[in-house]
Structure formats: C-alpha cells, structure tokens
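Q: Once you've had a glance at the structure underneath, I'll fire off some questions.
All of the numbers you see were taken from the coordinates with simple rules; none came from a lab. Keep in mind that this is a model prediction, so the values were computed, not measured. All Cβ positions, even for glycine, are placed from backbone atoms using ideal geometry, and neighbour counts span all protein chains on display.
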Amino acid sequence: MKLKFITTNEGKFSEFNDALSGADVNLERLNMSYPEIQTESLEGVIAFGMQWLDKKIHGPYVIDDSGLFISELNGFPGVYSAFAFRALGNAGILRLMGGMRNRKAIFRTVIGLSINGHHSTLDGECEGTITATERGESGFGFDPIFRPSDSTMTFAEMNIGEKNALSHRGAALRKLKNTLLSSPLR
Ligand code: IMP
C-alpha cells in the first residue's frame, strides 16, 4: 500500500523506512508542516494535526510527534521539545542540567495513522539518561545527549537499525507495522 509520511524531518523518515521494511508499504515523504497546537500531550498534537490534514491529504498517511521528558526538569522540554531544541540546542540542555545528579529522561513518540478517515495512534517510549557531554554524529535532534538504559552508546553513536531496536520511535513503529499488516483497510 502507498502511505504518505508528512514530515519535515529526514531522520524520522529514514527510521520509518528501516522499521517498515517487510510491511509491504511504499512510504512516500511529504515535506510539509501542519499546525502543532500548544497542549499538554503529544496525543493532543497528533489529534489536531490529523483533523487538519484530513482535509488536505488524499489517501493513507502517518505523522509523528515526539518529545524528550527530563525528570529533574519536571518533564521539560516534553511537548515543547522542538522549540527547546531550536532555542537551546543540546549544549543549552546540558548547561541547564549542569550539576544535576538525577539525569533520568524518557523519550516518547506518538504516531498518528489515518486510513480512509479512520484514525489510530501508536505510541512508544524509551527510558534513559542525559549524558554529561555530546557523543556521536548520527541521527538528529537530542540523539547525541540521550543514552537509552539498555546501552552504553547514545542514539547518535548508533546506526538506524540499532536505534530503532531500542528507541521510542522503534517501539511505536513495531506497533504501526503490526497494525498495517493486519488492517482490513489496506
Ligand atoms: P517533533 O516535534 O516530533 O518533530 O520533535 C521535537 C523535537 O525533538 C525536535 O527538535 C526533534 O529534533 C527532537 N526529536 C524528536 N525525535 C527525536 C529522536 O528520536 N531523537 C532525538 N531528537 C528527537
């Protein structure tokens, strides 16, 4: 089946492509943005985005909204991750956390799938820690400062397959793959 992924983020597109291999899906990237409302939850952003996109996009599509929730910062940047990354970057987050001993954080992804007006959401999360310094060159966003609990490497030190095996997005994508494979709508 043909599936459009509406995203301005090339890194997310590569991760989707890797994880959906074998799902009999022809994934096409639509490099456009949609309104991301200010709300407390990633699910809220996804629901509003799909309502808006349903009027513009023909055929099945997916979107992805993700956030980094840092314990000691009461969940910041969370739903404001895109803004925080633009404003502070990884160096700014590390400065903000200077001297903090509790470096626990959770990455979360919510994927919205729309097929013939039917909406579903698939989520995933990954627990880990914020490193003391930036490490690695791969990936995007906060990857150089996030080390999942089950690894000695940051996401930016992994290849796409390794990141997908452990990451929030990888977990959500495994659910998406199962949903697509079992969907009567395909
Ligand atoms: P978005 O709103 O889902 O596009 O992402 C919010 C912010 O989190 C952006 O700055 C992204 O670069 C960053 N981000 C999203 N997913 C990941 C990831 O898997 N690794 C690192 N940063 C991410």
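Q: Between helix 42-54 and the chain, what is the angle of the helix's C-alpha long axis to the longest principal axis, kept within 0 to 90° and rounded to the nearest 10?
A: 30 degrees
Q: Right, something else. Segment 84-186: which GluC sites (Glu not before Pro) are DSSP loop and have at most 16 other beta-carbon atoms within 10 angstrom? Walk me through the numbers on the way to the answer.
A: Numbers: sites: Glu125, Glu127, Glu134, Glu137, Glu157, Glu162; in loops: Glu134, Glu137.
Here the sparse-neighbourhood loop sites are Glu137.
Q: Compare the peptides 75-81, 171-177 by average per-residue count of other Cβ atoms within 10 angstrom and give them in order, highest first.
A: Values: 75-81: 18.6, 171-177: 20.9.
Ranking, from highest mean packing down: 171-177, 75-81.
Q: Also: Looking at segment 87-180, which chymotrypsin sites (Phe, Trp or Tyr not before Pro) are DSSP coil and have at most 16 other C-beta atoms within 10 Å of their C-beta?
A: Within segment 87-180, the qualifying chymotrypsin sites (Phe, Trp or Tyr not before Pro) (loop, at most 16 other Cβ atoms within 10 Å) are Phe140.
Q: Using only Cα atoms, locate the centre of segment 21-47 and the centre of segment 118-186, then give the distance between them in Å, rounded to an integer.
A: Measuring centre to centre over Cα atoms gives 15 Å.
Q: In straight Cα distance, which lysines are under 28 Å from Lys104, not counting same-chain residues fewer than 8 positions off?
A: Those lysines meeting the cut-off are Lys12, Lys163, Lys175.
Q: Then there is this: Which value, to two decimals, describes the C-alpha radius of gyration of segment 2-182 once divided by 2.2 N^0.38 Å?
A: 1.01
Q: If one takes the longest principal axis of the Cα atoms in the chain, at what angle in degrees, from 0 to 90 and to the nearest 10, does the Cα axis of helix 168-182 lie?
A: 20 degrees
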